[in-house]
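Read the figures in this text as sums done on the coordinates, not as results from a lab. Predicted, not measured: the structure shown is a model, and the values here were computed from it. Here Cβ is always computed from backbone atoms with ideal geometry, including for glycine, and neighbour counts include all displayed protein chains.
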Amino acid sequence: MDFRSVDQAYPPPSELVPSTSVESLLASKGQEVWSVSPDSLVIDAVRTMTERRIGALLVMRAQKLVGIFSERDYLRRVVLEDRSSSTTPVGSIMTQTVVTAGLRQTVQECMQLMTDRRIRHLPIVEGERVIGLVSIGDVVKASLAYQHHLLGEIERYVQGVPGATLGHGGLRQSS
């Protein structure tokens, strides 16, 4: 199996390690965030999510994060409760308690937080200002990129390539 076929369009593996900050991840992936107001209709929010191929929208009122609306919210609070997407406002079914992270948190901390809280989208905030959004896909890609990098280093170390290392400050091949 050749691990070198990992998508190189994503940040280079050597730049994404478990201690990489969210700030670095956002610099690589971009900070574009899609949002709706709490007064928006669910049907419009679902259309936006479908058009943008995203699984969640931040719910904002006057630049302030007031909730998050996800596919999961739609299924649980619209479909299962037999509500109308055409008349239900997002604010009445959104998740109001939003778990967030800061720019200085690491990719690994975000992954742990998302796993523990069973969420797939993590708004990144600084003070009360939304800076970006990290999805479970973003943290998985970063972790896979790091694993790809580490496997390459192990391969180089085993082959006796000078300068090869195993992890952060781990074993080093003597020159």
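Annotations
- For the range 93-146, taking the residues that are charged (D, E, K, R) and assigned to a loop (DSSP other than H, G, I, E, B), the one that is nearest to L25 (Cα to Cα) is identified as R104.
- Boolean, I93 is touching a residue at least 40 places away in the same chain (Cβ under 8 Å), under 17 Å from S35 (Cβ atoms), buried (at least 16 other Cβ atoms within 10 Å of the Cβ) and under 19 Å from the mean Cα position of the chain (by Cα): no
- Matching residues, the range 50-90, being within 17 Å of the chain's Cα centre (by Cα), hydrophobic (A, V, I, L, M, F, W, C) and not in a strand (DSSP E or B): I54
- Residue list for the range 20-59, restricted to those being in contact with a His (Cβ under 9 Å, 6 or more places away or on another chain) and surrounded by fewer than 19 Cβ atoms within 10 Å (Cβ to Cβ): I54, G55
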